[in-house]
1. What's the number of the only condition in (1) within 19 Å of MET106 (Cα to Cα); (2) of a type in the set (Val, Ile, Thr); (3) in contact with an Asp or Glu (Cβ under 7 Å, 6 or more places away or on another chain) that THR32 fails to meet?
2. I need the full set of residues from region 38-90 which are touching a residue at least 24 places away in the same chain (Cβ under 8 Å), β-branched (Val, Ile, Thr) and open to solvent by 30 Å² or more (accessible area, probe 1.4 Å), in order please.
3. Exactly one condition in (1) among the hydrophobic types (A, V, I, L, M, F, W, C); (2) under 14 Å from the mean Cα position of the chain (by Cα); (3) within 30 Å of PRO52 (Cα to Cα) is false for ALA70; which is it?
4. Which one of these does LEU10 not meet: (1) open to solvent by less than 70 Å² (accessible area, probe 1.4 Å); (2) modelled with pLDDT of 95 or more?
5. Identify all residues within region 23-37 that are within 27 Å of ALA60 (Cα to Cα), part of a strand (DSSP E or B) and open to solvent by less than 70 Å² (accessible area, probe 1.4 Å); write none if there are none.
6. Could you tell me whether LEU92 is in contact with a Leu (Cβ under 6 Å, 6 or more places away or on another chain), of a type in the set (A, V, I, L, M, F, W, C), in a loop (DSSP other than H, G, I, E, B) and under 17 Å from HIS127 (Cβ atoms)?
7. Mind counting the residues in region 129-172 that are modelled with pLDDT under 55 and surrounded by 14 or more Cβ atoms within 10 Å (Cβ to Cβ)?
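The values are calculated or read from the model by the stated rules, or taken from the named source; none is laboratory data. Owing to the predicted nature of the structure, the values given are computational and were not obtained by experimental measurement. Here the Cβ positions follow ideal geometry from the backbone for every residue, glycine too, while neighbour counts run over all protein chains shown. Please note that ligands, DNA and RNA were not included when accessible areas were found on the heavy atoms of the full protein model with its side chains. Shrake-Rupley method; radii C 1.70, N 1.55, O 1.52, S 1.80 Å.
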Amino acid sequence: MPNNDAAPALTPEEISERAASAVGYSYVHPDTYLVGREKVREYARASQFTAPVHFDLEAARAAGHDDLVAPPMLVSVAGVVANRALFDDSVLGYGASQLMQADESMVYHQPVLAGHELTCHVHVDKHRRVGGFDMVTIRNEMYSQDSEHLVTFSTTLIGGSPDGDDAADFGDAAEQVVMHGVINA
């Protein structure tokens, strides 16, 4: 549940200090994410995965799986939901809209299958400040309803304002990198 209390505005230095002090913070997200067959198929289609194990139950079983195999990035949906508390509860000092993803890595221990009910353990692992920007690394450990360790993924987020009067503006730079303000009618 989002924290809707009006918090006093923090200075860039206070935000950076809050982000740094979050290292070591961890929690288990209270809700689970149920991986459904149609979600596996939709995500596979949207991300252009064409292997039959993502669409055809018999093909998945013939390949040795109990159900459809989720495309690799599908777990990021559950991760985004689980990480939301870091922003809503001001753990990092940044709102989600004030950060840009710099890096992501995933290690699969076992395939994620339709029917898995994912539990996400969230950890703030690292903070560093580079050129006025905060870089925060968040690690998510996903487990099935049977406590099988399925996947570990880490995301590094960048936020902040650059050091020095002549430094480029983060917002201006982000607008050049991402599709900012694009609306398809």
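1. It is condition (1) that THR32 fails.
2. Result: VAL77, VAL81.
3. Going through the list (1) among the hydrophobic types (A, V, I, L, M, F, W, C); (2) under 14 Å from the mean Cα position of the chain (by Cα); (3) within 30 Å of PRO52 (Cα to Cα), ALA70 breaks only (2).
4. (2)
5. First pass over region 23-37, keeping only residues within 27 Å of ALA60 (Cα to Cα): 32-37.
With part of a strand (DSSP E or B) added as a condition, the list becomes 33-34.
Within region 23-37, TYR33 is the sole residue that qualifies.
6. So LEU92 fits the description; yes.
7. 1
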